[in-house]
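Quick note: the coordinates plus some simple rules give every number you see, no bench work behind them. Fair warning: this is a prediction, and the values are worked out from it, not measured in the lab. Note that each Cβ is placed from the backbone with ideal geometry, even for glycine, and that neighbours are counted across all protein chains shown.
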Amino acid sequence: MTAKHEIRKSIIASIWFMFLTFPIMVIKVNTVTNTIEWRWYNMALVGIGIFFLSMLWRYLLKKKEEGGKKEKKAGLSLIQRLLQEKQFALPGMVIIAVITIIFPHIFSMYQTNIMISALIFVMLGLGLNIVIGLAGLLVLGYAAFFAVGAYAYALLNLHYGVGFWIALPIGGILAALFGILLGYPVLRLRGDYLAIVTLGFGEIIRLVLENWNEFSFGPSGIKNIPKPGFFGIELSMQATTIYIFYIVVLLVVFTIFVINRLKNSRIGRAWTALKDDEIASQAMGIDKAKTKLRAFALGSTWAGMAGVVFAAKTTFINPASFTLWESVIILCTVVLGGMGSIAGVIAGALLLILLPEYMRDFGEFRMITFGAVLILMMIFRPGGMIEDVRKTYKFEK
Amino acid sequence: MKKVGKWLALITVSLFTLTAVSSAMAADTIKVGVAGAHSGDLASYGLPTVNAAKLVVKKINASGGVLGKQVELLTEDDVCKPEVAGNTATKLVSDGAIVVIGHICSGATKSALGIYKNANIITISPSATSPDLTLSGEYPNFFRTIAHDAVQAQVQAKYAVETLKIKTVAILHDKGDYGKGQAELAQKYFTEAGVKVVLFEGVTPGAVDYSAIVTKVKSKKPELIIWGGYHPEASKIVTLMRKKKMNTIFMGGDGIKDDTFIKVAGEFAEGVYATGPRDISQNPLAIQAKKEHQDAYGSDPGAFYDNAYSATLAILNAIQKAGSTDYAAVVKALQTEDVETPLGKIKFDAKGDATGIGFSVYKIEKGAFAEQK
Amino acid sequence: MDFEYFTQLFFGGLTRGSIYALIALGYTMVYGIIELINFAHGEIYMIGAFTGLIISSVLTMMGMPTLAVIILAGMAAIIYSCAYGYTMEKIAYKPLRNAPRLSALISAIGMSLFLQNYVLLAQTSDFLPFPSLVPEFKFWEPYSHILTTPELMILSTTVFVMILLTFLIKFTKIGKAMRATSQDKIMASLLGINVDQVISATFVVGSATAAIGGILIASHIGQINFYMGFIAGIKAFVAAVLGGIGSIPGAVLGSFVLGWTESFFTGYISSDYEDVFAFIFLVVILIFRPSGILGRSQTQKV
């Protein structure tokens, strides 16, 4: 526990990492000219870097352990308390509302566009939050429902000229139907088996879209999807972007409203009960099949609607936008933000989508930073950025 | 309704400010966007274009710029993903780009073009080969310095029938936008040429092993295999075929006409045919362009370098000849004024395809692509 | 169609299945002990292949004989993969031992991204040619149109590794400790088993099999790049679940079944829908056997 001890530990760590990274960081073989490039400076860099990082690492872990004990006594973190205080709620909401309304006017169109993407992911995150955070069903193929919504709008528009506003509910309902279609056979599965089946389902949807040319135009996708209409007026590109921004904001607000109501409703509490203990909740008279299917259906609805908005925003879709990777990102937004917590999921989605965009300056280092951020966040805040606070009922004598 | 009215007012106001801002910025320099995959697994197709544009612009700026103004490059990454390309395009538009060189992949180009079209921005791609980008006539603002895939498929069919005397063919693709598109065109032109297509299938990119599909191709006994897609899967399939003692002729498009293919497939690459842009290694401008790259970066230029070099030259020349950055004038200059480029003397037809460039068939002999006459 | 065609597809599926099996073994072992889907396991396989390539080219350039190169490069790949597996567990999973399970999953996803981009930045984004480390055997020459030598190698190695693993788990002390830990961590530690060490050992053994897989597959398909671990990893994971995750014979059987499914579907129907069919097959199996083919169905405790 002395400084000497700490230094020795750090030196061991740095030697270990110098050994570990030796072949990949130091040696570079040029197979064309058959020469080897020895990059010893990398080894020095790793050695010095790890020495300090390892000290920092142990310091933070220790702090976390102590903090963990303390926090339990203190109860809620600062943000959570802020969220609960009634006197901050109103002014806070007003400030957020004002910022959102003026956002597209003070920032450039590029910023607005990125914000639209981020908000679409907020919708997706909140939708998946119903399935994972509230009902505790691990779904790894959520992008499939997103795809259903996007293709619903694109195809309905192409063949029947259906407009955005009619497609929006249709996309949601179709996705819900697919949710039930998936949910029904997997009712018996639990945990990771459920995860892998939903992963498979997501891949099936994508592969069908990729291969069935007659139906979905295959990998070349569908282009020229119209942007949403504004009472029949042609809008310029800037205006449309701002218009879509407001549509997404409204949808997000609507989503938050619905989920907030759901959370403390009869279904919401049934989900929480099922998540905690299936058998006990069945014994209490909760219909497992119905409750789970409701979670699937309601969760997918938002993905479907987000898909419609996505198609309208990009005006071009192809199966490459709905891969497993998208599902994983949505899952990350939920877990990173804090499962079950609405504010958390919003924060997570904004962070995960905006971070890589603004890290463009890091260039080639942005994905590696992203990976590291994921790991560090989970280690130091395993419950997510803003943890969910469950409603507690106190029995007072 | 009152709220909607207020928003509408806000929208109009912001619209005016935005346009005012972008025109004010345009006054200082001529901003040229360069968009394509600059990171990710397709970066090796996108980065050479950035280098080409930088070199051309450096040269032109040194000799006084265009219309007396300096040219400024705005490079943006789209990772070759359609959904990212939309953001990339809006970024370029809002940064005040007047013309854009890019994008690299057809899918990304498609998704970005609508945005450029609305903003009256001319887009010139060095590598997007999907036929309907020009042939559909939907994008009058689109030009390219590469021949489209249909030309390539025609060349393949013609060569296979006339020179190789092929009667049956198996067509494989990687299920991607580029690969499947190429394979479908090949199917069309081979069938028209009277060749029987015995197999038309996609393989899963990135799979650990292709022995099942190789076995299947073998059982159909085609005389030729046409590959639609990029080189990684092609080299896996060719290697496995040769290891399994299958000597069927293998032919791919410009996706495999890449030195990495020869490097990776090694001895198994011998005898493989690939179509690619006509050989320009004797063109003095091309030699000069290559030398500039070697001097500046110390390595040989990568894929689509010459196309990008030519695209940059062509667009800057057109602005100079048009005498302004006005959309209609530049389009007219692109279509009427010849320009000397590494690809030869080119101008553009009404649809946006460059005249005077085409495809040749190459065969890999002794570890290098040899043009077949 | 004729019998030879069937045999070729059969062996093709068997090879593919063996490749999945070598990766799936690591998945299933880690899952069996700490119930974590180790998303970064495919990356360990990729690092194994890269290390093998780098070391073998360096040794070849130094003028070592081929046999020595193969042995040394193979050993280096295994050692380094184990080291990476060990370190990965210490950094990304150990601090999360008592956290919600999904947090560990996200950490694993982050690890996977980190390792991919680490290799991309330190080495290259290009595809690299991988030398055929396995020599062509003369006596096998007549059969090589059905099964090439590398394929034969992959097959026999898988069988060998599986026997070795079964031995390790059934008869050695550490194997016993692993089984005890997977049944009940707290009870095991009460009985004097160092649970942390057992978990580390599991990661090391799992990484070793992945490294062997990495080298064999790379020399079979002749090329590697930083992204090769992702798809192979997902497929191996599917195979492990199909067989019943946590069970070692299950992982191997699941891999073979998946390999055959894909191979025969491609051969007799179409490779366009190869993966669609594989996933539908998985769903059907899991509907009828919710814990996989060989998985024990868990009794739920209230």
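What the table below lists for this structure:
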| item | result |
| --- | --- |
| Percent RCO, i.e. relative contact order, over chain C, from Cα pairs under 8 Å lying at least 6 residues apart | 37 |
| Helix runs (DSSP H) in chain A reaching 27 Å along axis by Cα, Kyte-Doolittle at least -1.0 | A:40-74, A:86-106, A:109-129, A:164-183, A:191-211, A:237-263, A:288-314 |
| Within straight-line cross-link reach of C:LYS94, aspartates and glutamates at Cα separation under 14 Å, skipping those fewer than 8 residues along the same chain | A:GLU65, C:GLU35, C:ASP196 |
| Prolate/oblate/rounded call for the range C:112-251, Cα gyration tensor, a/c under 1.5 rounded | oblate |
| Environment charge at B:ALA183 (Cβ cut-off 11 Å; Lys +1, Arg +1, Asp -1, Glu -1) | -1 |
| Cα-based Lys proximity count in the range A:244-322, under 17 Å, for pairs eight or more positions apart or on separate chains | 6 |
| Nearest-ten-degree value, helix B:211-220 long axis tilted from longest Cα axis of chain B | 60 |
| Sorted by Cβ density within 10 Å, fewest first, the residues A:MET377, C:MET111, C:MET62, C:MET75 | C:MET62, C:MET75, A:MET377, C:MET111 |
| Distance between the range A:156-193 and the range C:1-37 - C-alpha centres, whole angstrom | 33 |
| Within chain A, longest stretch free of exposed GluC sites (Glu not before Pro) [DSSP loop, at most 15 other beta carbons within 10 Å] | A:235-395 |
| Average Cα contact separation per residue, the range C:1-106, under 8 Å, 6 or more apart, as relative contact order % | 23 |
| Rg/Rg_globular for the range A:3-74, with Rg_globular taken as 2.2 N^0.38 Å and Rg from C-alpha atoms | 1.62 |
| In nm, spacing of pseudo-spin labels at A:GLU214 and A:ILE12 (7 Å Cα→C-beta vector) | 6.7 |
| Within-14-Å neighbourhood charge of C:LEU168 [Cβ basis; K, R +1; D, E -1] | +4 |
| Within 10 Å of each Cβ in A:182-194, the average number of Cβ atoms from other chains | 4 |
| Equivalent ellipsoid semi-axes - Cα gyration tensor, chain C, angstrom | 30, 25, 18 |
| Shielding by partners - mean other protein chain Cβ count within 10 Å, residues of A:133-144 | 1 |
| Approximate spin-label separation A:GLU396-B:GLN288, in nm, with each point projected 7 Å along Cα-to-Cβ | 8.9 |
| Under the span-like rule (Cα at least 24 Å along the axis, Kyte-Doolittle mean at least 1.6), DSSP H helices of chain C | C:66-88, C:149-171 |
| Between 0 and 90°, nearest 10: helix B:82-95 axis offset from chain B longest Cα axis | 30 |
| Burial ordering of C:GLU262, B:GLU192, C:GLU43, fewest other beta-carbon atoms within 10 Å first | B:GLU192, C:GLU262, C:GLU43 |
| Low-density loop positions, GluC sites (Glu not before Pro), the range B:281-353 - DSSP coil, at most 16 other Cβ in 10 Å | B:GLU337 |
| Given charges at beta-carbon only (K, R positive; D, E negative), |dipole| of the range B:238-373 in Debye | 580 |
| Local electrostatic count, B:ALA368, Cβ distance below 15 Å [Lys/Arg +1, Asp/Glu -1] | -4 |
| Dipole moment magnitude, nearest 20 debye, chain C about Cα centre, only Lys, Arg, Asp, Glu C-beta charged | 1340 |
| Inter-chain Cβ neighbour average for residues C:285-294, partner chain, 10 Å | 3 |
| Cross-link pairs beyond the 29 Å C-alpha cut-off, checked among B:LYS167/B:LYS216; A:LYS28/B:LYS236; B:LYS58/B:LYS263 | B:LYS58/B:LYS263 |
| Convex hull projection area averaged over all views, the protein assembly as shown, Cα basis, nm² | 45.8 |
| Exposed trypsin sites (Lys or Arg not before Pro) absent: longest stretch of chain C, with sites in DSSP loops and at most 10 other Cβ within 10 Å deemed exposed | C:139-300 |
| Computed E for A:ASN224/A:ASP277 - FRET, C-beta separation, R0 56 angstrom, nearest 0.05 | 0.65 |
| Cα centroid of the range B:243-317 to Cα centroid of the range A:317-348, whole Å | 40 |
| Helix B:43-62 vs. chain B, principal-axis angle (Cα, 0 to 90°, nearest 10) | 40 |
| Cα convex hull of the range A:107-380 - mean projected area over all directions, nm² | 15.3 |
| Selection from A:ILE368, A:THR301, A:LEU352, by position along the positive dipole direction of the range A:293-373 (Cβ) | A:THR301 |
| Test item: Cα-centred dipole of the range C:147-302, Lys/Arg +1 and Asp/Glu -1 on Cβ, debye | 780 |
| Near-label residues of the range A:283-317 by backbone N, under 19 Å of a point 7 Å along Cα→Cβ of A:ILE180 | A:287-305 |
| Euclidean distance of C-alpha centroids, the range C:221-255 and the range B:199-213, integer Å | 17 |
| Relative compactness, the range B:150-271, computed as alpha-carbon Rg over 2.2 N^0.38 Å | 0.96 |
| The range A:3-74: relative contact order in percent, alpha carbon pairs under 8 Å with at least 6 residues between | 34 |
